[in-house]
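So the structure is just underneath, and the comments pick up after that.
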Amino acid sequence: MAVVVAAEGGLPLGAESSGNSPSTILDMAKSPNGRKIVLMIGIAAVIAVMIGLVLWGQKPEYRVLFSNFSDRDGGAIMTSLQAANVPYKFAEGGGAILVPADKVHEIRLKLAAEGLPKGGSVGFELMENQKLGVSQFLEQVNFQRALEGELARSIQSVGAIQAARVHLALPKASVFVRDQQKPTASVLLNLHPGRFLDQQQVSAIVHLVASSVPELSPKNVTIVDQAGNLLSENNKPAGTNTLDPSQLKYVQELQQSITKRIESIITPIVGLNNIRAEATADVDFSTSEQAAEVYKPNQVANSATVRSMQSSESSNGGNNATGVPGALTNQPAPAATAPLNTTPPPAPPGSAAAAAGTPGAAAATAAAGTTATPTQRDITTNYEVDKTVRYVQQPMGGLKRLSVAVVVNYKRVVGKDGKVSVLPLSEVEKTQITDLVKEAMGYNKDRGDTLNVVNSPFAGVDKAEAAKPPLWERPEVIDMGIQGAKYVLLGIVLLILYLKVLKPMLKKLNPPPLVLTDESGEPISRVQELEEEVGPMGEQRTYQQNLEAAKELARKDPKVVANIVKAWVGNE
């Protein structure tokens, strides 16, 4: 009975093997022990490659932690990261430090707690390391450096500012008032990309610097950005009437507010996207003051108010001599001879006595016996004069004129057949919309406001919305697909390495037990084969008989015995 003994990955049992010891690496590789060593080295290399691929697949994504930092801050940040066992690397020629994306915010907070980065500027901590024997000049210079650093740190806390530098010009104090000079300051700002400062923020920085330095006026503070633009308006000529950004912003906000009010009140009537409105506001930013003092004449004499009245009267009377000059004038009048009740004759017509209606005797007696006394009277009256004092101050930002234009789309009417027809608005509907727009905009005819409402079909409104990109063209899906493809490719490579390289090596390193087959390919037991050759090996045979049988087998076929012993050693 012919027996064929084979082992997977090994030589046939009848093959000859070299019994000489290997002298070269190739001979060592051909030997059984050399093959095991080579297989073990190959298995270790394959496992290392697989582990490397797994680590590559799990490689974290790095993001920027800090950039544009000083060398001193960079060294301090590196030391802190090394102490915390955080992986990092440099990018952009060493101008940025990258850390894993999932730890960026955590590391920033930890470094902020440590006061990093400091921005390259030193503050009042410079005064803590003063050496013994420092001159007064050096102390003054260190104090100025510390003050500039503290101001720069305060300015950098503003969100739009990335870095800041402050330069102070502090004149030396003088005992002479005539020789005293005021300090000045200049600030250089480095803004974040896409950021800007409005005029209020610039003014706040100016007052911050001016309030931190004694006797520093806001007019002596100059602020410049990284592009060389002058942000402070200290050098603005007096009397210029140019609009500043805050005024332009006010006008834009006013116009947008009016437009929004108009569209919000008309949209429920005409529908969404069926109205367009624009407003133009003429705002007066000039300030005016007016003082007037008006005096009005007294229109009605009786209604006038008397302020003061002065009256004086004088008469020239007494014993002065009157009459015809001569001796008879100085003599007393003679006694009356005529009766007193005698009626005088009537005066002739046309005489002065007849015209006055005075009796002739009385006129004669008055003319003969009495004379007129001269009297002088002066009256001065002062009246109150009307006075009106008016002081008017007009505030800045008054609305002078408002112009609004409104375009309303045609209305859509659905017919009985389901078709949509486009029709213009009726006069009643246009009137209603015009009235609503006037109320919304605050229409004032006396101010000169204008309003124009037009009903016209819109072009392009009925277009279909742009189709959304397909699923495979969306950025988030593309990123997800790239990540998934990376992991799938990694799995395929690992599977190929295991099935095609690692598994065959493991089988060669640990071959399966020997399988004995007969001529027909049927496996038979090696014990049965031995019994056929040397007889049964049981307890009925003595030890000497078994030993002789084994020796006989070894002499006949030593290779078979060696394979059997090798199989015994390989089986546990």
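Readers should treat all values here as calculations from the given coordinates under stated rules, not as data from a laboratory. Note that the structure is a prediction, hence the values are computed from the model and not measured. Cβ coordinates were reconstructed from backbone atoms using ideal geometry, including for glycine residues, and neighbour counts include every protein chain displayed.
Numbers for the structure displayed
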| item | result |
| --- | --- |
| Set K500/K566; K249/K400; K260/K430; K89/K110; K411/K468; K36/K566 screened for pairs whose C-alpha atoms are more than 21 Å apart | K500/K566; K411/K468 |
| Computed lengthening from W56 to K559, 0.36 nm per intervening residue step minus Cα-Cα distance | 176.2 nm |
| Cut-off 11 Å (backbone N to label point 7 Å along Cα→Cβ of T79), residues of the stretch 148-178 | none |
| Charged-residue dipole, Cβ positions (Lys, Arg, Asp, Glu), the stretch 59-119 about Cα centre, Debye nearest 20 | 60 debye |
| Spin-label proximity, K219 to the stretch 176-208 - amide N less than 15 Å from point 7 Å beyond Cα toward beta carbon | 181-185 |
| Cα gyration tensor category, rounded, prolate or oblate, for the stretch 59-119 with a/c compared to 1.5 | oblate |
| Separation in nanometres of the label points that stand 7 Å from Cα toward Cβ, at E253 and V306 | 6.3 nm |
